[in-house]
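Got a structure for you, written out below as structure tokens; questions coming shortly.
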Amino acid sequence: MRHSLPLALILILAFAAPAAAQPDTVILPAGSRPASAGATDRFTGSVRVEPVIEDRTQGHTTAGRVTFQPGARSAWHTHPLGQWLWVVEGTGITQVEGQPAHLIHAGDVVWCPPNVRHWHGAARGSAMTHLSVQEALNRRNVQWLEKVTDQQYDAALASAARHP
């Protein structure tokens, strides 16, 4: 009988304790994540970056909606775990270093492999918007490198025209 009091107390406390809080669904209303101009050390031309998923406390995935005006482009960069691009509007161009460039169009999905130098942006005659999705490794999802020169951009457009 001596042991039944502590056991009873443990059972009462266990059932009386509040249940662990269940996580709530999070809804981020349209317009609640302010867009900004693309940083000039990371982009050439007029670029608008809208964060879609940026809270790394909930996971390792980040996403953004990026709009490039005609002729605008990213700098060369890599992603430690790769990057998915889904072109949602317009026509763009993407290139892996040392390979021919490719034109990309609304509806196209592009996989950029991990740690591969690449860039992407709008074609000269069209704006382009893509949704980018990437995962972070050690809290880093991108390594920005040097800017794509006008000569590199022009050569990429010429190679994309030959290799659609």
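Taking the stretch 92-125, which residues are open to solvent by less than 20 Å² (accessible area, probe 1.4 Å) and farther than 20 Å from L145 by Cβ?
I104, A123
Identify the residue in the stretch 21-51 that is assigned to a loop (DSSP other than H, G, I, E, B), in contact with a strand residue (DSSP E or B) (Cβ under 6 Å, 6 or more places away or on another chain) and of a type outside the set (A, V, I, L, M, F, W, C) and, among all such residues, is farthest from P70 (Cα to Cα).
Here the residue is R33.
Further question on the same structure: Regarding the stretch 136-150, can at least one residue be identified that is without any contact (Cβ under 8 Å) to a residue 40 or more places away in the chain, open to solvent by 40 Å² or more (accessible area, probe 1.4 Å) and under 15 Å from the mean Cα position of the chain (by Cα)?
No, that holds for no residue.
The values are calculated or read from the model by the stated rules, or taken from the named source; none is laboratory data. Predicted, not measured: the structure shown is a model, and the values here were computed from it. Neighbour counts are summed over all protein chains in view; Cβ atoms, including those assigned to glycine, are modelled from backbone coordinates with ideal geometry. What goes into the accessible areas is simple: the full protein's heavy atoms, side chains included, and nothing from ligands, DNA or RNA. Shrake-Rupley method; radii C 1.70, N 1.55, O 1.52, S 1.80 Å.
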